[in-house]
Amino acid sequence: MAEQGQSKEPKEFTELDWITLKNDLNSEQVLKVETSSSKFYRKFHENPFVPVGCGLTTVALIYGLYSFSTGKRGTSQNMMRLRVVAQGFTVAALMLGIAKTSMS
């Protein structure tokens, strides 16, 4: 027994629905396309400490591995400690950036 009031035919859009859809598609938010480089610059200006911390972590890791391969064990150990500190700095900067964004 079929329920009354529900039809199996697809719903037709009214003219108002089409106008609303057209306005939504033409809105500035949809038309704005952000490239990866512009997104990087925007994010860097929002929280510059995260990319700096990532760069410092990378440099400490690479130099530490180079020191280890050349036999400079003391320098290698110091670079690995610096890497851990830089990672902690990066995570702290990330958390502060998230907190700052959520507050505003």
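Remarks
- Residue in region 38-57 that is within 26 Å of residue 98 (Cα to Cα), in a helix (DSSP H, G or I), open to solvent by 100 Å² or more (accessible area, probe 1.4 Å) and of a type in the set (Ser, Thr, Tyr) present: yes
- Residue 101 being under 26 Å from the mean Cα position of the chain (by Cα) and either of a type outside the set (A, V, I, L, M, F, W, C) or not in a helix (DSSP H, G or I) (or both): yes
- The residues of region 69-94 that are touching a residue at least 24 places away in the same chain (Cβ under 8 Å) and hydroxyl-bearing (Ser, Thr, Tyr) amount to a single one, 90.
- The residue pairs whose first member lies in region 45-68 and is at positive phi, whose second member is surrounded by fewer than 16 Cβ atoms within 10 Å (Cβ to Cβ), and whose beta carbons are closer than 9 Å, counting only pairs six or more residues apart or on different chains, do not exist in this structure.
The values are calculated or read from the model by the stated rules, or taken from the named source; none is laboratory data. In this text the structure is predicted, and so the values were computed from the model without any measurement. Note that each Cβ is placed from the backbone with ideal geometry, even for glycine, and that neighbours are counted across all protein chains shown. Remember, those area values only see protein heavy atoms, side chains included, never the ligands or the DNA or RNA. Shrake-Rupley method; radii C 1.70, N 1.55, O 1.52, S 1.80 Å.
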